[in-house]
Structures are given as C-alpha cells and as structure tokens.
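Since every read-out is calculated from the coordinates, none of them should be taken as a lab result. On a predicted model such as this, the values are computed, not experimentally measured, just so you know. Positions of Cβ are generated from backbone atoms using ideal geometry, with glycine treated the same way; all protein chains shown enter the neighbour counts.
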Amino acid sequence: MNWFAPNITPEAKYQRKQWLHSLEKKQHNDMGEWSKKNNMIYPPLEEGEPPRPHEIYWGRSRVAICRRVMARTCLTVNNLELQDALDKMYNLKAREGFIMYEVLREARDFASKRAPSANTFHIAECWATVLNREYRHGYAILRKRDLTNIYVLLREGPPPAEREKLTTEDAIDHYLEGHREKEIPLT
C-alpha cells in the first residue's frame, strides 16, 4: 500500500473505493468528435458524379479489456462484410469476440436507421486505443486494468479487393525508399 496523505485516513480510503466502483460498467457510445461525423453535411453532388456511399461512425468507450487483445480482434474484422464479421465474432468463444459482436450489432442497428439497407455495409476501419489504465487493489496483489476505446467505421458497398502480400524483398525496398526520401532538417 502506498503511504501518501489521501490513503491515511479511513474516509479517504472509502472515497477512493467508491470512486473505483463508480468506474465499473460505465461503457457508452458517445465517442465525441468520432460520433459527430455521423451528422456531417456534405456539399451537393455535381452532374454525373457517382453517389457518395453512406458512412457510419460508431464505437464504444471505457471497455474493460486489454488493448492488445482488442486491437488483434479489430484487425481480424477489417475489410470484411458486416454480416461475415458478425458471424466470425459470434463463433469466437472469447470475451473480446463477444464485446466486438455487441459493438458491430449496435453499429448495424444504427446503420439500419440511417441507410436503406444495413446488409450492404462493410467494415472500412476498426481499431482500439487505451483510454486509461487503472490499478485496483485486490487480495494482496495490485491488479492492472485497461479501459479501451473501440472505433468502427462502416462504409456502404463491397469491401475493397485484397492487396497482394508483400514479400520480404518488397518490404525491404519500401523501407529503404522511405528512408532515402526522408529529409533531415539542419536545425
């Protein structure tokens, strides 16, 4: 136990315990600037211009799960059709699969209110970031828990075709080309 002033008095210990309990189960879908993009108004299309695909910005904040595990799950659903991703997450018998299934289902329900058909969407982008890391006192141990934000971008239409896999030589050439073109400031 840390011996600093707020932990000395019983009242301070009780207040800290109440504060930690208040953090639990406080997940929400208000992602700030990310969610506000759903209300963006675009300029009118010009003659002969193809229609703009619907985009749905969705997410969930303050999910108590490790960011690394959630980021790996987000990577597996990138560029999948929405129904395929839902099937894959439903059959994944792990906690991160259940959380991702819920997030995608909520996004599909939101998309069905905004677009004519929610079955035509694919997952354009999906990633997870750490909101904050909290430390909780357990029985004689200190438990670490990540609170993670999950971001999902659904776009109408089929997913893009898969790109060719890079060989080792291609990756080396790309790396070297990036460093050759880099400019180093003198100051």
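May I ask you to verify whether Asn149 is of a type outside the set (Val, Ile, Thr), surrounded by 10 or more Cβ atoms within 10 Å (Cβ to Cβ) and under 24 Å from Glu55 (Cα atoms)? In short, yes. None of Glu96, Glu125, Glu134, Glu106 is among the acidic types (Asp, Glu), surrounded by fewer than 21 Cβ atoms within 10 Å (Cβ to Cβ), touching a residue at least 12 places away in the same chain (Cβ under 8 Å) and assigned to a helix (DSSP H, G or I) except Glu106. Is one or more of the residues making up region 66-85 surrounded by fewer than 13 Cβ atoms within 10 Å (Cβ to Cβ) and not charged (D, E, K, R)? Within region 66-85, one or more residues are surrounded by fewer than 13 Cβ atoms within 10 Å (Cβ to Cβ) and not charged (D, E, K, R).
When each of Tyr57, Tyr90 is tested for being in contact with a helix residue (DSSP H, G or I) (Cβ under 9 Å, 6 or more places away or on another chain), buried (at least 17 other Cβ atoms within 10 Å of the Cβ) and of a type outside the set (Gly, Ala, Ser), the lone residue that passes is Tyr57.
Out of the residues in region 38-93 that are more than 18 Å from the chain's Cα centre (by Cα) and of a type in the set (Lys, Arg), state the one that is nearest to Gln27 (Cα to Cα). So the residue we want is Lys93.
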